[in-house]
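The values are calculated or read from the model by the stated rules, or taken from the named source; none is laboratory data. The model shown is predicted, which means the values in this text are computed figures rather than measured ones. Don't worry about glycine lacking a Cβ; one is built from the backbone with ideal geometry, like all the others, and counts go over all protein chains shown.
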Amino acid sequence: MTEKRILCISCPVGCEMTVGIEDGRVIRVDGNRCPRGKHYAEQEAVEPMRVLPSSVKVVGGRRPLVSVKTDRPIPRSLIPEAMKAIRETVTLAPVRMGAVLLTDLLGTGANVVATRDVSAETCGDPDAVRAKGEM
Ligand code: SF4
């Protein structure tokens, strides 16, 4: 059996847990003060998951980028590929907070959503922006 030390980040208490792993499976969790910690440790020990924050390019907006995040955690192992997909994404202003800019990121079921508004630079006419050759 191998052991991993994992800090629970599910709440501010920050319990330090010890996870026992045998044949790739969690067989024991110690140090958690509640069931959330046990669930977190079991997931973290086998397949860590993270909400991914990033930004997406905006054409025709008052800002060149809009901050985004995944609407649920994705496997940490997929983050480099997910960042590449997000970097290749371009959206057109205006962007509203909560707008879905990418769906089912890499088949994870997670959507990439805007976390702020970006208003249009001009009157927000998408055809005018396209005519300028920015898309
Ligand atoms: S185990 Fe429970 S009490 Fe401890 S940090 Fe995690 S969520 Fe908080």
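General observations
- Exclusive hit being within 16 Å of the ligand (Cβ to nearest atom) and either among the acidic types (D, E) or modelled with pLDDT of 95 or more (or both), set P73, P64: P73
- Filter result (farther than 29 Å from V112 by Cβ, near the ligand (Cβ under 9 Å from one of its atoms) and not in a strand (DSSP E or B)) within segment 15-46: C15, G31, N32, R33, C34, P35, K38
- In segment 1-14, the residues that are within 7 Å of the ligand (Cβ to nearest atom) and either modelled with pLDDT of 95 or more or among the aliphatic types (A, V, I, L, M) (or both): C8, C11, V13, G14
- Residues that are charged (D, E, K, R) and more than 28 Å from E81 (Cα to Cα) within segment 26-58 comprise R28, D30, R33, R36, K38, listed in sequence order.
- Residues in segment 47-86 that are free of Cβ contacts under 8 Å to residues at least 24 places away in the same chain and either assigned to a helix (DSSP H, G or I) or touching a Phe, Trp or Tyr at 6+ places or on another chain (Cβ under 6 Å) (or both): P80, K84, A85.
- Assessment of segment 34-47 against the conditions (in contact with a helix residue (DSSP H, G or I) (Cβ under 6 Å, 6 or more places away or on another chain) and surrounded by 14 or more Cβ atoms within 10 Å (Cβ to Cβ)) yields no matching residue.
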